[in-house]
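Accompanying notes for the structure given below.
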Amino acid sequence: KRYKLAAETFSAALRYPVTRCKKTMLLIEKAKALTGSNSNEKALEAIKEASGIKKDCRFSDYKICQEIGDLYFKLGYAGKAIPFFNQTVDTVTENSDKMYLKFKIAQCYLRLNKAEDSLALYNEISNLNDPFWSNLAKEKITEISFNHDINAQMLN
């Protein structure tokens, strides 16, 4: 929970010569620490730099793209998060990981006021009969429908 100190530590580590891939990971960790200390503009700068150099690396760990997507989402840039989540969906093998990522993409669509796209993904997840993800998706579908009904009544 000492985010400012952590961000300073990652900044110091970035001053040393490291590979581009290691630099990408350090920038992601720095961005996480900066978000924790509400330095969102600096976090966004670190994420942009990380996403710019990550393409030069071959990561065996798909979580790099997921973490960049999570950071963009947390900072309120749902549109920028979607491509990173989509890229990760294409590389994961575990169904639970795919469902998590599709759920995050659906949340992004919802934040972007694309309810139909969001509902389509939630429906896809709910039809997979996974005890956790299907039920969570069904709850989101119900919530979206409820909010839609409330908004329609308010307009009348």
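Ile150 meets all of the listed conditions (1) closer than 22 Å to Ala33 by Cα; (2) outside any loop (DSSP other than H, G, I, E, B); (3) open to solvent by less than 70 Å² (accessible area, probe 1.4 Å) but one, namely (1).
Each residue in the range 65-91 was checked for being farther than 25 Å from Lys30 by Cβ and surrounded by 16 or more Cβ atoms within 10 Å (Cβ to Cβ), and 1 of them qualify. Scan the range 124-133 and give yes if some residue there is in contact with a helix residue (DSSP H, G or I) (Cβ under 7 Å, 6 or more places away or on another chain), open to solvent by 50 Å² or more (accessible area, probe 1.4 Å) and in contact (Cβ under 8 Å) with a residue 12 or more places away in the chain, otherwise no. Yes, the range 124-133 contains at least one residue that is in contact with a helix residue (DSSP H, G or I) (Cβ under 7 Å, 6 or more places away or on another chain), open to solvent by 50 Å² or more (accessible area, probe 1.4 Å) and in contact (Cβ under 8 Å) with a residue 12 or more places away in the chain.
Please determine, by comparing only the residues of the range 5-21 that are of a type outside the set (A, V, I, L, M) and at pLDDT 90 or above, which one is nearest to the chain's Cα centre (by Cα). Give the derivation first.
Narrowing the range 5-21 to residues of a type outside the set (A, V, I, L, M): 8-11, 15-17, 19-21.
Now restrict to residues that are at pLDDT 90 or above: 8-11, 15-17.
Working: Glu8: 24, Thr9: 24, Phe10: 21, Ser11: 23, Arg15: 27, Tyr16: 28, Pro17: 29 Å.
In this case the residue turns out to be Phe10.
Taking the range 108-156 as the range and being hydrophobic (A, V, I, L, M, F, W, C) and either in contact with a strand residue (DSSP E or B) (Cβ under 7 Å, 6 or more places away or on another chain) or under 20 Å from Ala81 (Cα atoms) (or both) as the test, the residues that pass are Cys108, Leu110, Leu112, Ala115, Leu119, Ala120, Leu121, Ile125, Ala137.
Can Asn113 be described as at positive phi and at pLDDT below 90? Walk me through it before giving the result.
On the way: at positive phi: yes; at pLDDT below 90: no.
No; evaluated as a whole, the condition is false for this residue.
Do we have Asp56 as open to solvent by 80 Å² or more (accessible area, probe 1.4 Å), without any contact (Cβ under 8 Å) to a residue 60 or more places away in the chain and touching a Lys or Arg at 6+ places or on another chain (Cβ under 9 Å) here? It is true that Asp56 is open to solvent by 80 Å² or more (accessible area, probe 1.4 Å), without any contact (Cβ under 8 Å) to a residue 60 or more places away in the chain and touching a Lys or Arg at 6+ places or on another chain (Cβ under 9 Å). For the range 58-112, a residue qualifies if it is under 23 Å from Asn135 (Cβ atoms), of a type in the set (D, E, K, R) and not in a helix (DSSP H, G or I), and exactly one does: Glu94.
For Tyr62, the requirement of being modelled with pLDDT under 90 and under 14 Å from the mean Cα position of the chain (by Cα) is met.
The values are calculated or read from the model by the stated rules, or taken from the named source; none is laboratory data. The structure presented is a predicted model; accordingly, all values stated were derived computationally and were not measured. Don't worry about glycine lacking a Cβ; one is built from the backbone with ideal geometry, like all the others, and counts go over all protein chains shown. Please note that ligands, DNA and RNA were not included when accessible areas were found on the heavy atoms of the full protein model with its side chains. Shrake-Rupley method; radii C 1.70, N 1.55, O 1.52, S 1.80 Å.
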